[in-house]
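The values are calculated or read from the model by the stated rules, or taken from the named source; none is laboratory data. Since the model is a prediction, treat every value here as computed from it, not as a measurement. All Cβ positions, glycine included, derive from the backbone under ideal geometry; neighbour counts span all protein chains shown.
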């Protein structure tokens, strides 16, 4: 079962029970940018719907499960399970709405290839490193003088432009 609370500033609190785990997520949207964070606690199956309260220290969720009564504090961007009973007598009670959405953490699907990736290449001084190039591409890659940067042939021992001694034969 999933419950949500929508704040006036666009933030949204989502609380879900999935088996023995309670998932709590906080999300916000700002001009095309979405941020969210979630955490899970092993609370056991709920006996009744969660309750949400506004306290001086933030928001407080009260979860009554088969195991115990649990308290989860949401303050700023922090979601934290509290170890002690919380006094909720004189605080504002907020209404959670039942929802069909799910936030339970699902296994990630394997990434699909995005097409042929270009090889990565790095040159620094006399060092050269490339990753992802096929053997054929590696053999046909161009060489450059480490002194002046002009192209040189694979078999050259000296740069034809500045005369610098080239390191390593190809």
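Output the residues belonging to the range 156-169 that are in a loop (DSSP other than H, G, I, E, B) and either modelled with pLDDT of 85 or more or surrounded by 13 or more Cβ atoms within 10 Å (Cβ to Cβ) (or both). Please lay out each step first, then the result.
Start the filter on the range 156-169 by keeping residues that are in a loop (DSSP other than H, G, I, E, B), which leaves 156-157, 159-164, 166-169.
156, 157, 159, 160, 161, 162, 163, 164, 166 - these are the residues of the range 156-169 that are in a loop (DSSP other than H, G, I, E, B) and either modelled with pLDDT of 85 or more or surrounded by 13 or more Cβ atoms within 10 Å (Cβ to Cβ) (or both).
Going by what's in this entry, would residue 138 be described as modelled with pLDDT under 85 and closer than 30 Å to residue 4 by Cβ? Before the answer, list the steps.
On the way: modelled with pLDDT under 85: yes; closer than 30 Å to residue 4 by Cβ: no.
No; evaluated as a whole, the condition is false for this residue.
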